[in-house]
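A.B. asks: Sharing a structure, written as structure tokens. Questions coming.
Computed from the coordinates by the stated procedures, all read-outs in this text should not be read as laboratory data. Nothing here was measured: the structure is a model prediction, and the numbers come from that model. Because the Cβ atoms are built from the backbone with ideal geometry, glycine has one as well, and the counts that use them run over all protein chains shown.
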Amino acid sequence: MNNILKIFVILIGFSFPIDTLSKGHEHDEHDNSSHGGEDGGFYIHSGITIHLDKTLDADEEREQVDEASTHSHFEIGYNFNESLAIISDIKIEGGDHGHSHGESESETPKDKFFEEHKSIINQLYVNLKTEKLDLYAGKFSPVVGFDFHKFPGAYGYQEVEGYALLQKVGFGAKLESDFGDAGTHTINASTFFADTTSLSHSRINNDGKLRKADGGVSNTEDFSSYSISLGGKSFFSLDNNFIDGFSYQIGHAKQGKGEGGAEDEKRYSIGIAHTSYLYEGIKMTFITEYMNISKLGGESGHDRATTTYGLGFEHGKLTLGGTLTYKDNDADDADENVDDNIRQISLGYYVDENLKVDLGYKRKKVSNEVSKIAGITIKYVFDWPSGDHHDHHNH
């Protein structure tokens, strides 16, 4: 029965008629913008990603499995008017390939079909928008680095999402200023704590809600944690093509230690991206981000620096993209003092504006264990009402 429920939820979006939709390739962009559209009423912006993966090689036999999983978002919002909206993001996602969510693992390979998935209310907040300033409060994702959906390749989002700040409760403000040819720059600041409400547990494979007694960074139920970021884009120059496609994102955050914690966690990041058009209409995007985390997870003896490089090409309906991620761990524990690297690449094809298929490959070296994964990724997006476009929110 559980499997039937999972499949039903995942495939809801496919019941929407494709020929009524719009915006095409732009749906791969999940910008940190305010609620879209000037019309009042409900809207839906959804992105469904299904991975059909096969582990070609792994150090442990039990991890050599076939797996079907999803990473899907359903943004459902209500615009009261041009300025005021309530926005939610429902997320359905499985764990990392080949690993369970704390359950005992079999010593023999076990294929997985949408197993160990969670459905959570990832965000639920009120947004008040003026000409330059947004104010928001509720459950949201504080901004430090780039949105992980910007990284190219079928698996490009995964490692960056791994260190993103998610499921926080608090409030913040975003100020956007347009300096003409010098670009549009946005300051985003918030204060928050980990969600310990009933929204913190999954409706599928329920593992219970988070409690303050569970500890962990930002699990304080007070506003001792904060984030601040500065981003820029939309530059223009008549004599410098690099400036035209340049964007950047820098940020800093502190997560206060929770019960039983040793240290506050502090992080800072810097990222740059550039988009240009090569000969014969080939679009090229380069993106890189450096994230330095001090006292990872509140551990006094563990720091981590993660650097990700991404490169993507698009020509007509074809795409080619990949990333390289390096994790430099500086830890007192010998088992944690190991550097990791992950590389992935995929070749994609837009069947139409809203449906895309990728053939991908990923090689992971984590904790001195190597795994190689190949798979097919299916991406489908839709907006309702048709013709509207609401970029995914990542406050």
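A.B. asks: Pulled fully out, how much extra length does the chain show between Leu128 and Asp264, if you take 0.36 nm times their separation in residues and subtract their Cα-Cα distance?
C.D. replies: Stretched out fully, the Leu128 to Asp264 stretch lengthens by 45.9 nm.
A.B. asks: Run the numbers for Tyr277 and Asp207: contour at 0.36 nm per residue of separation, minus the present Cα-Cα distance, in nm.
C.D. replies: Gain in length upon complete extension: 20.5 nm.
A.B. asks: Same structure, new question: Assuming a ≥ b ≥ c are the square roots of the Cα gyration tensor eigenvalues, decide whether the range 2-384 counts as rounded (a/c under 1.5), prolate (otherwise, with a/b larger than b/c) or oblate.
C.D. replies: rounded
A.B. asks: Counting Lys and Arg as +1 and Asp and Glu as -1, each charge on the Cβ, what is the dipole of the range 123-282 about the Cα centre in debye, to the nearest 20?
C.D. replies: Approximately 500 debye in magnitude.
A.B. asks: In whole Hz and in residue order, list the ³J(HN,Hα) couplings for the range 301-313 that follow from phi through the Karplus curve 6.51 cos²θ - 1.76 cosθ + 1.60, θ = phi - 60°; x for Gly and Pro.
C.D. replies: x, 8, 10, 9, 10, 10, 10, 10, 10, x, 9, x, 10
A.B. asks: Just to verify a number: FRET efficiency for Leu135 and Ser367, C-beta to C-beta distance, R0 = 41 Å, to 0.05?
C.D. replies: E(calc), rounded to 0.05, equals 0.45.
A.B. asks: Once you place label points 7 Å from the Cα toward the Cβ at Asp57 and Asp339, how far apart are they in nm?
C.D. replies: Inter-label distance under the simple model: 2.1 nm.
A.B. asks: Next up: Would you mind checking which residues have amide H under 5 Å from Ala154's amide H? H placed 1.01 Å from N; only 5 or more apart, or other chain.
C.D. replies: Answer set, sorted by chain and number: Ser346.
A.B. asks: If packing is taken as the average count of other Cβ atoms within 10 Å, what order do 152-165, 372-385, 73-86 fall into, highest mean first?
C.D. replies: Descending mean neighbour count gives 152-165, 372-385, 73-86.
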